[in-house]
Amino acid sequence: MGIVRTVEWKLVTSPEETDHRIRKAFQQLEFDPEGPPGLAIGRSKMSFRKNRWAAEISATVSPFASGSMVLCRVEMAGHKHYALLSEVADAVGDDAFDDQGVAGAVERLGKWSRLFGRTEVRHMHNVLRVSETVLTHRAFQDRSACLP
C-alpha cells in the first residue's frame, strides 16, 4: 500500500474524446489501460532510470460544463506522483486542458518569471480544482470595486 494523490483536471474536450485521449496516453506510456468507458485504470512499472516506484493510476472521466472533468488517482510509494501525472498530461496534450485563467496571469509576469517559472505553471493543472479560476490582479481589483 502506497501514498495516494488525487487531482482534478478540467478539459475542454468532450467526455468521449477525453476518455480516448486518456487511454491513448496510457498506451503510449505502456500503462496497459483497462476498464469501462469513463474509467481508465493502468499500472506503471518501477523505473530505476526515473527513480520511481511502480504505481496504479486511474482516471475517471465525467461531463463538466462545456467539456469534461478527469479525476486522477495515483497510488504509489515514494513522492513521484506529480511526475507521473505530468507524463500523462503531456501525452494527453496541452490543447485539451482548460487554462482556467493561468495564461492571463502568466502574461502579467515579467520575462524572467515566465522563463524560470515554466515548470510551476505547467504544474498548475494539478493544483487547481475544476471549479477554480486564476484571477489576475486587475480582475481582482475590478471584482472588489463591485463589493458593498
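Bear in mind these aren't lab numbers, they're just calculated from the coordinates by the rules spelled out. Here the structure is a predicted model, which means the values were calculated and not measured. Here the Cβ is made from the backbone with ideal geometry for all residues, glycine too, and neighbour counts use every protein chain on show.
Quick notes
- Bridging of LYS80 to lysines at a Cα separation below 16 Å is possible for LYS45, LYS50, once same-chain residues fewer than 8 apart are set aside.
- Alpha-carbon centroid distance for the pair segment 63-93 / segment 119-135, whole angstrom: 12 Å
- Close amide H partners of PHE64, meaning residues 5 or more places away or on another chain with modelled amide H under 5 Å apart, are MET69.
- Between 0 and 90°, nearest 10: helix 15-28 axis offset from the chain longest Cα axis: 50 degrees
- Cα centre as origin, Lys/Arg/Asp/Glu Cβ charges: the chain dipole, Debye: 620 debye
- Phi-based couplings in Hz for segment 87-94 (Karplus 6.51, -1.76, 1.60; Gly and Pro marked x): 5, 5, 4, 4, 5, 5, x, 4
- Backbone geometry of segment 103-117 corresponds, through the Karplus equation with coefficients 6.51, -1.76 and 1.60 at θ = phi - 60°, to 3J(HN,Hα) couplings of 4, x, 5, 5, 4, 7, 6, x, 4, 5, 5, 5, 5, 7, x Hz, x marking Gly and Pro.
- The fraction of Cα-Cα pairs per 10 angstrom bin, counted from 0 for the chain, comes to 11, 37, 31, 16, 5, 1 percent, rounded to whole percents.
- 3J(HN,Hα) along segment 30-39, derived from phi through the Karplus expression 6.51 cos²θ - 1.76 cosθ + 1.60 where θ = phi - 60°, amounts to 6, 8, 6, x, 9, x, x, x, x, 9 Hz, with x in place of Gly and Pro.
- Tilt relative to the chain, helix 118-127 - C-alpha long axis, 0 to 90 degrees, to 10: 80 degrees
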